[in-house]
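Single-structure report; data block below.
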Amino acid sequence: MIYKPFYIFAFLFFFIGCSTDESDEDFTDDTTEGIPEEEEEENPESEPELSDKELLNKVQQQTFNYFWDFAAPNSGLARERSQEDAYGGEGLNIVTTGGSGFGLASFPTAVERGWISREDAMQRLDKILDFLEEVPTYHGVFSHWYRDDTAQTRPFSENDDGGDLVETAFLIQGLLINRSYFSEENEVETDIRDRITQIWKAVEWDWYTQDENVLYWHWSPNYNFQKKLKIQGWNESLIVYILAAASPTHSIDAEVYHQGWASNGNIKTGRSYYGNQLPLGPELGGPLFFAHYSFIGLDPRNLSDQYANYWQQNTSHSLINYEYVVSNPNNYEGYSENSWGLTASTGYDGYSAHSPTTDKGIIAPTAALSSFPYTPEESMDALRYFYGELGDDLWGEYGFYDAFSEEVGWFADGYLAIDQGPIVAMIENYRTGLLWGLFMQDEEVQAGLDKLGFNY
C-alpha cells in the first residue's frame with residue numbers, strides 16, 4: 001500500500017485516501033498460450049507516474065535490449081560487459097555463453113510482449129546458431145568466453161581456455177526454452193529446433209565425470225583437468241546435474257548427482273535465520289544468484305527431492321538476504337527495506353560475490369529484482385526505490401547499472417550480462433510463469449528430473 005499523508009493548511013484538513021497497486025499478475029498455470037490482456041488502471045490521477053505493471057514492463061523491455069540492441073555484431077550473442085575499455089580494451093569483442101543463455105531464455109517473452117517479432121527472433125537465433133556451430137567446443141562443451149570477431153575461445157582465467165560445463169548448462173537452458181517455444185511446423189522453426197537439438201545432443205556431460213561420481217567444471221586440451229574444480233552443491237549449478245541426467249545422448253547416472261552434487265546427503269545444512277528455515281547452503285545463504293541462475297527455466301514452485309523443497313530454499317534465501325540488509329549490522333549508508341540485495345556483481349573495488357558474510361555495502365539491483373517470484377512485495381519496494389529515488393544515477397540505456405554503494409557514493413557505469421539476464425527472465429516467471437512452463441514441458445527435462453528422484 002502507498003499511503004499519502006495528511007496535509008494541514010491553516011486549520012483546513014484534507015484527507016487523501018489510500019490507493020493500492022498490487023502485483024498485476026499472479027502465478028498462472030504453466031502455459032505457452034500467450035500473455036493475457038491487462039486491464040486499464042482505474043483513477044490514474046491517484047497512481048504514481050508509472051503503475052507497477054508499467055514499471056515492470058519498462059524494466060523488462062529496457063533490460064532485454066542489452067541482449068538485443070547491444071548484442072555483438074558477428075555472433076548475436078551477449079557481450080560479457082558493456083564497457084569498451086574492459087579486459088584490456090577487448091570488452092566489446094568478448095561474448096559470454098552463460099550470460100547469452102540467460103538472454104536467449106527471454107526471447108519468448110520478447111515475442112509475447114511485442115518487443116520483437118517472431119520473424120526477428122528467428123533471424124537472430126539463426127545468427128547465434130551459426131556462431132555456436134562454428135566455435136571450438138570441448139567434448140561438446142562451450143567455453144565461458146569467445147571472441148566475437150574470430151569465433152575463437154578467449155581464455156577466461158588461468159588454465160581456463162577450454163570447456164566450461166556450468167556456463168554451457170546456462171546456455172543450453174536458454175536454448176531448450178526456445179526449442180519449446182518456437183514449435184510451429186514450418187521450415188524455419190523446424191530448422192531452428194533441429195539445430196538446437198544437435199547442439200544439445202553433442203554435449204558430453206558424462207565425459208566430464210572422469211569416471212567418478214561427480215561432474216567437473218572445466219576441461220582444456222592444454223591443461224586437461226588441472227583446475228580440478230568439482231561441481232558440488234549448494235550453489236548456482238543444480239541445472240548442470242539436471243541437464244546432465246536429461247541428456248538423450250550423454251546422460252549421467254543418478255549416483256553422480258547423489259554422491260557428487262549432494263555429497264551423499266551432506267549438502268543438507270538445515271540452518272535457520274530470521275525465522276526462515278534454509279535447507280541448504282552456506283551461512284546466511286550466500287550470494288543471491290544461487291536462487292536465480294538454475295531457476296530461469298527450472299520451476300521451483302513444486303520442486304523437491306530428498307534434500308530440499310526448492311521453493312522453500314529460494315524463498316528463505318531471498319528473505320534472509322532481505323532481513324540481513326534491513327538489520328544492517330555494519331550500519332552501511334543506504335541499506336533499508338527499500339534498498340537491498342547482495343549478490344555477485346561489480347563493486348567499487350572490482351568484481352566480487354557479495355553476500356551477508358562478505359558484505360561491503362554494495363547493492364546489486366539484480367539481486368532483489370531477480371527475486372520477484374520469491375519476495376514480490378520486497379522486490380517491488382526495491383524497484384520503486386531504485387527507479388524513483390536513485391534515478392539517473394542507477395538507470396541507463398539498458399536498465400539498471402550493475403551495482404551501487406551509497407556508503408561510498410559509488411555507482412557502476414555499465415552492465416554485466418549475467419546480472420541483466422535474470423532480471424528479465426525472473427520478472428517474467430513472477431508475472432506469467434512463461435519460461436518455467438516452456439522448460440518444464442520438455443519431455444527430456446522431465447526424464448532427467450525423474451531419473452534423479454525429483455517431485456515437480
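Some points to look at:
- Residue check, V135 on the phi < 0 side of the Ramachandran plot, of a type in the set (A, V, I, L, M) and in contact with a Leu (Cβ under 7 Å, 6 or more places away or on another chain): no
- Test: residue in segment 325-336 that is among the acidic types (D, E), within 13 Å of P373 (Cβ to Cβ) and in contact (Cβ under 8 Å) with a residue 40 or more places away in the chain: no
- Among the residues making up segment 387-403, those that are free of Cβ contacts under 8 Å to residues at least 60 places away in the same chain, under 16 Å from T343 (Cα atoms) and of a type outside the set (A, V, I, L, M) are Y401, D402.
- Residue count, segment 159-182 (criterion: over 24 Å from K228 (Cα atoms) and either without any contact (Cβ under 8 Å) to a residue 12 or more places away in the chain or of a type in the set (V, I, T) (or both)): 1
- Search result, residues across segment 273-302 that are farther than 18 Å from F170 by Cβ and of a type in the set (A, V, I, L, M, F, W, C): L278, L280, L284
- Being in contact (Cβ under 8 Å) with a residue 12 or more places away in the chain, in a helix (DSSP H, G or I) and in contact with a strand residue (DSSP E or B) (Cβ under 8 Å, 6 or more places away or on another chain) is not true of G103.
- Qualifying residue in segment 148-158 (condition: out of contact with any helix residue (DSSP H, G or I) (no Cβ under 6 Å at 6 or more places or on another chain) and at pLDDT below 95): yes
- Subset of segment 380-424 [part of a helix (DSSP H, G or I), surrounded by fewer than 24 Cβ atoms within 10 Å (Cβ to Cβ) and of a type in the set (F, W, Y)]: Y385, Y387
- Residue list for segment 325-342, restricted to those being out of contact with any Asp or Glu (no Cβ under 8 Å at 6 or more places or on another chain), under 22 Å from P422 (Cα atoms) and either of a type in the set (S, T, Y) or in a loop (DSSP other than H, G, I, E, B) (or both): G341
- Whenever a residue of segment 440-456 is closer than 16 Å to S304 by Cβ, its partners that are acidic (D, E) and at pLDDT below 95, lying with C-beta atoms within less than 8 angstrom and at least six residues away or across chains, give the pairs M440/D30.
- Residue in segment 127-139 that is at pLDDT 95 or above, of a type in the set (K, R) and touching a helix residue (DSSP H, G or I) at 6+ places or on another chain (Cβ under 8 Å) present: no
- Within segment 192-225, restricting attention to residues that are of a type in the set (D, E) and over 19 Å from L438 (Cβ atoms), the residue that is surrounded by the most Cβ atoms within 10 Å (Cβ to Cβ) is E204.
- Tally, over segment 79-100, of residues that are touching a Phe, Trp or Tyr at 6+ places or on another chain (Cβ under 6 Å), hydroxyl-bearing (S, T, Y) and in a helix (DSSP H, G or I): 1
- Residue match in segment 166-185 (condition: assigned to a loop (DSSP other than H, G, I, E, B), touching a helix residue (DSSP H, G or I) at 6+ places or on another chain (Cβ under 9 Å) and under 20 Å from G99 (Cα atoms)): no
- Within segment 135-158, tally of residues that are of a type in the set (V, I, T) and in contact (Cβ under 8 Å) with a residue 24 or more places away in the chain: 2
- When segment 155-185 is filtered for residues that are surrounded by fewer than 19 Cβ atoms within 10 Å (Cβ to Cβ) and either farther than 22 Å from Y216 by Cα or in contact with a strand residue (DSSP E or B) (Cβ under 9 Å, 6 or more places away or on another chain) (or both), the ones remaining, listed by number, are P155, F156, N159, S183, E184, E185.
- Selection over segment 332-350 of residues that are surrounded by fewer than 20 Cβ atoms within 10 Å (Cβ to Cβ) and in contact with a strand residue (DSSP E or B) (Cβ under 6 Å, 6 or more places away or on another chain) gives a count of 1.
- Test: residue in segment 262-284 that is buried (at least 20 other Cβ atoms within 10 Å of the Cβ) and of a type in the set (F, W, Y): no
- Candidates Q123, Q152: the one that is under 24 Å from W217 (Cβ atoms), surrounded by fewer than 16 Cβ atoms within 10 Å (Cβ to Cβ) and out of contact with any Ser or Thr (no Cβ under 8 Å at 6 or more places or on another chain) is Q152.
The values are calculated or read from the model by the stated rules, or taken from the named source; none is laboratory data. Here the structure is a predicted model, which is why all the values come from computation and not from measurement. So basically every Cβ, Gly included, is an ideal-geometry build from the backbone, and we count neighbours across all protein chains shown.
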